[in-house]
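The values are calculated or read from the model by the stated rules, or taken from the named source; none is laboratory data. These numbers come from a predicted model, not from an experiment. Cβ placement follows ideal geometry from the backbone for every residue including glycine, while neighbour counts extend to all protein chains displayed.
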Amino acid sequence: MKAKRKQQREAILRQIEELLRGRFSVTAVGNLGEEVIVRLEPLLAPDEPLSAIATAEISSITEELTRLNYECAWLERAGGTYLRVRIPNSDKFPWTNVLLFALTVVTVFFFPQYSNYVIETVIDLKEAPLGFVDWVFTPSAWQVSWGLSFTFWLLGILLAHEFGHYFAGRRRNLRLTLPFFIPFPNFIGTMGAVIRFKSPIENRRDLIEVGAAGPIAGFVVAVIAIWIGLLNTDPTLEGTFSFESESLLMTFMGKMILGESAFGHTLRLAPAAFAGWVGVLITALNMLPLSQLDGGHVTYGLFGKNQRVIAVLAFGGLIWAGFQWPGWWVYGVLALVFKPFHFPTLDDNYPIPTSAKIIGWIALVIFALTLIIKPFGM
């Protein structure tokens, strides 16, 4: 195995040297675990930062290394410019991703039905479990049906969202991890999922496309879930869900499917509709134009450094919205911790095609349609 990895590192070096010929000179080579680290000196303008030198050359080298199935990252430090390259272990099964997803299936299936909020909003109190042990060992057929429907639709929305990012990133030759789902014993059984970038984002076009792909894909599935769920919602059954102060999307679909008779009183949502409502809320939270959220990616991609102004306005909006629902203040604190301003790409001046701008604006329209100021009627 060690001999094989040594041969692979030597092959990487030969290919790197060939790719860099006439563009950069290699001044040092080292190993860090499974990675090969090469210190470079640009031949064109050694005194300029990485973002200013031979951007087209960097993009070309990155694409070629990606085509050869290498993972690479460009870094600039005080000591110079570095290229980190490694061969991904394609034989390694993503056990962590699979295990977290399996645990999330369990928590999404069980915990919402043991949440007072969900019981009051979407579950018939006569069918609600008396205790967690009773529910685990003696669930009714109705409870199993409710749990399966909710789990299917909510995880479908989250999977569409995360793999929207993943496939958009792969289309632009970006290296991303598979989604890591986060099981959690809250009223929906999860804290969502995350994907980590393993390579730098080269330009604002890629930032828009990757950032917007998740919300758009998740939104489509959420709309389908709401449609099916509202068709199966009996507007005469009393619950605690109200269309008052709801998102524009939920209000429109409620009037279109249930009619005006569903407004003015509370009702109990079918599980698919409730899963769609949760998906809409998650979409809106992710599209806040702050930090490393999807909305931060999209707004920086569209407006560049003016994202700072948008972020300041959004932060002020969170302070105001916190008086309607305190959860917004939590997001405000998180935005400060992770910094509300987006980082620049390797080439902010790369021309953004009209198609990417349209995708970005579609994502912003989705944000406007899904935003809920008082998601829990507080």
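The table below lists the values:
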read-out: Matching option when the condition is part of a loop (DSSP other than H, G, I, E, B), in the same structural domain as residue 305 (by TED's automatic domain parsing) and either more than 30 Å from residue 70 (Cα to Cα) or of a type outside the set (Val, Ile, Thr) (or both), among 187, 167, 163; value: 187
read-out: Among (1) free of Cβ contacts under 8 Å to residues at least 60 places away in the same chain; (2) buried (at least 19 other Cβ atoms within 10 Å of the Cβ), the one test that residue 356 misses; value: (1)
read-out: Residue 251 being part of a helix (DSSP H, G or I) and modelled with pLDDT of 95 or more; value: no
read-out: Extreme residue, farthest from the chain's Cα centre (by Cα), among residues of the stretch 214-226 that are surrounded by fewer than 24 Cβ atoms within 10 Å (Cβ to Cβ) and under 17 Å from residue 287 (Cα atoms); value: 223
read-out: The listed residue being surrounded by fewer than 22 Cβ atoms within 10 Å (Cβ to Cβ) and more than 10 Å from the chain's Cα centre (by Cα), out of 150, 163, 181, 167; value: 167
read-out: Residue count for the stretch 278-304, restricted to those that are without any contact (Cβ under 8 Å) to a residue 24 or more places away in the chain and not aromatic (Phe, Trp, Tyr); value: 1
read-out: Residue within the stretch 189-211 that is under 17 Å from residue 274 (Cβ atoms) and surrounded by fewer than 16 Cβ atoms within 10 Å (Cβ to Cβ) present; value: no
read-out: Sole residue being among the polar types (S, T, N, Q), out of contact with any Leu (no Cβ under 7 Å at 6 or more places or on another chain) and buried (at least 22 other Cβ atoms within 10 Å of the Cβ), chosen from 283, 251; value: 283
read-out: Positions within the stretch 231-242 being within 31 Å of the chain's Cα centre (by Cα), assigned to a loop (DSSP other than H, G, I, E, B) and over 14 Å from residue 373 (Cβ atoms), in sequence order; value: 232, 233, 240
read-out: Within the stretch 227-242, tally of residues that are closer than 25 Å to residue 321 by Cα and crowded, with 19+ Cβ neighbours inside 10 Å; value: 1
read-out: Selection from the stretch 53-65 of residues that are surrounded by 14 or more Cβ atoms within 10 Å (Cβ to Cβ) and either modelled with pLDDT under 75 or assigned by TED's automatic domain parsing to the domain that holds residue 351 (or both); value: 53, 54, 55, 57, 58, 59
read-out: Qualifying residue in the stretch 250-268 (condition: in contact with a His (Cβ under 8 Å, 6 or more places away or on another chain) and closer than 24 Å to residue 326 by Cα); value: no
read-out: Search result, residues across the stretch 254-280 that are part of a helix (DSSP H, G or I) and crowded, with 21+ Cβ neighbours inside 10 Å; value: 254, 271, 272, 273, 274, 275, 276, 277, 278, 279, 280
read-out: Residues located in the stretch 208-219, provided they are touching a Ser or Thr at 6+ places or on another chain (Cβ under 6 Å) and of a type in the set (A, V, I, L, M, F, W, C); value: 219
read-out: Residue 295 vs. criteria touching a Leu at 6+ places or on another chain (Cβ under 8 Å) and either in a helix (DSSP H, G or I) or surrounded by fewer than 20 Cβ atoms within 10 Å (Cβ to Cβ) (or both); value: yes
read-out: Odd one out for residue 304, checked against (1) on the phi < 0 side of the Ramachandran plot; (2) in contact with a helix residue (DSSP H, G or I) (Cβ under 8 Å, 6 or more places away or on another chain); (3) at pLDDT below 95; value: (1)
